[in-house]
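Report on the structure given below.
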Amino acid sequence: MDKDYFNILIVGHTTFGVRNLRIKKETFKIFIYLLAFFQLAVMFCLCDYIQVRKKNLFLNQLRHESLTQKAHLQLFATRIEELEKRMSKLKDYDLKIRTMANLQRGQNHTAFIGMGGEPSSVITWKLKDEPRRSE
């Protein structure tokens, strides 16, 4: 019968004396299994918590980057708007200058089409037609 129990002696103050604690082996095994299960559950929760914290940190970094990129985009958008305003002012000035100089936009300008190779029929026709105009 003694083999089915664990005897634990607790030594305290001299007034209390020595106490004897008897625990069944089956109860002790169940207690050990529960303790191991509890430790595994705590470790699982702790690892899960650490992973969530890492993801949260990464998410905060991405949010910060997103905000800085949004600020940069707004800055670029305002700069583009300013450039568009300047371009429209330049178009207005160009139109005013052309009206003052009595120039029109619809004049024929021979554009530089390309280099080398056989001239196209349109260019050849324009080149033949130009000396006649000057005469």
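Computed values, structure above
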{"read-out": "Of the chymotrypsin sites (Phe, Trp or Tyr not before Pro) in the range 1-108, those whose Cβ has at most 11 other Cβ within 10 Å and which sit in DSSP loop", "value": "Phe16"}
{"read-out": "Nearest-0.05 FRET efficiency for Ile80 and Ala101, computed from C-beta distance (R0 25 Å)", "value": "0.20"}
{"read-out": "Rg/Rh ratio calculated on Cα atoms of the range 2-104 (Kirkwood radius)", "value": "1.79"}
{"read-out": "Shape category assigned to the range 39-96 from the gyration tensor of Cα positions, a/c cut at 1.5", "value": "prolate"}
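Read-outs: derived from the displayed coordinates by stated rules, not from any lab. Since the structure is predicted, the reported quantities are computational estimates derived from the model, not experimental observations. Neighbour counts run over all protein chains shown; Cβ positions are idealised from the backbone, glycine included.
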